[in-house]
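Written below as structure tokens is the structure these notes are about.
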Amino acid sequence: GEKAALRGYQTRAALYDLILSYLKRYASPLSDKRILEIGPGSGMFLLALQALGVATAEGLEPHSELVALSRGEGLQITEGDLRSPPTFMVEHPYDVTLSRNVFDVPLIEAGEDLTPEVHQTGIQMLRQLARLTKPGGVSVHQTERGWPFHNTDLAEAGFELLEGGTSYGFIVLR
């Protein structure tokens, strides 16, 4: 009921605060940054970024009903998936990319079994993410199932680990 809703809101607010702390630490000032959130859902975090004065806050969302909802709030949301992002996004990479639980999806789809195929899907997603992030840009990600990549995977995709790790719920890449 009401207590569960409040706990959910408090958890989400704490998560947003943590993401913002990473963004401020590694990507300040935010006022001149182009930020892409992969899987923004209803766009609540993008609205918060806009309120903080971020130059551009856009989203890439696979669910059409959430795209419509977000666009109704005036947000720049493109329907699509990290596995094959739109060409216009790849051609104009972002200063900052971020996601919450996006890298959990292949594992969930495979019934929580981290097979070599699931790992390879994640690697492909990581490579696409690198294409969406400007060289020298920052990429911040939260996962509930731990980070399924090794530093060699990150390096092959073009990233370096700034903070976090395999069993950590957050990872910051450059």
What does the net charge come to around residue 61 if you take all other residues with beta carbon closer than 15 Å to its beta carbon, with K and R at +1 and D and E at -1?
-3
Taking a ≥ b ≥ c as the square roots of the Cα gyration tensor eigenvalues, with a/c under 1.5 meaning rounded and otherwise prolate when a/b beats b/c, else oblate, which class fits segment 1-87?
oblate
First compute the accessible area of segment 1-100 with a 1.4 Å probe, then give the percent of it belonging to carbon and sulfur atoms.
54 percent
Residues meeting the amide H criterion for residue 82 (H placed from the backbone, H to H distance under 5 Å, 5 or more places apart or on another chain) are none
From largest accessible area down, sort 134, 33, 24; use a 1.4 Å probe on the protein chains.
24, 134, 33
Overall Cα dimensions of segment 40-120 - principal axes, largest extent first, Å:
41, 26, 21
Which loop GluC sites (Glu not before Pro) in segment 1-58, with loop taken from DSSP, have no more than 10 other Cβ atoms within 10 angstrom of their Cβ?
none
Work from the charge dipole of the chain (Cβ charges, +1 for Lys and Arg, -1 for Asp and Glu, about the Cα centre) and give the residue of 92, 20, 102 farthest towards its positive end.
20
Out of the total accessible area of segment 109-174 (probe 1.4 Å, heavy atoms of protein only), what percent is carbon and sulfur?
48 percent
Those trypsin sites (Lys or Arg not before Pro) from segment 97-157 that are DSSP loop and have at most 16 other Cβ neighbours within 10 Å turn out to be 145
Can you give me the Cα centroid spacing of segment 137-174 and segment 48-71 in angstrom?
23 Å
Here, chymotrypsin sites (Phe, Trp or Tyr not before Pro) of segment 82-174 satisfying both criteria (DSSP loop; at most 16 other Cβ within 10 Å) are 168
Could you provide, to the nearest whole Å², the per residue accessible area of the chain with probe 1.4 Å?
50 Å²
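The values are calculated or read from the model by the stated rules, or taken from the named source; none is laboratory data. As the structure is a computational prediction, the values presented were derived from the model and not from experiment. Neighbour counts are summed over all protein chains in view; Cβ atoms, including those assigned to glycine, are modelled from backbone coordinates with ideal geometry. Quick note on the areas: whole protein, heavy atoms, side chains included, nothing else; ligands and nucleic acids left out. Shrake-Rupley method; radii C 1.70, N 1.55, O 1.52, S 1.80 Å.
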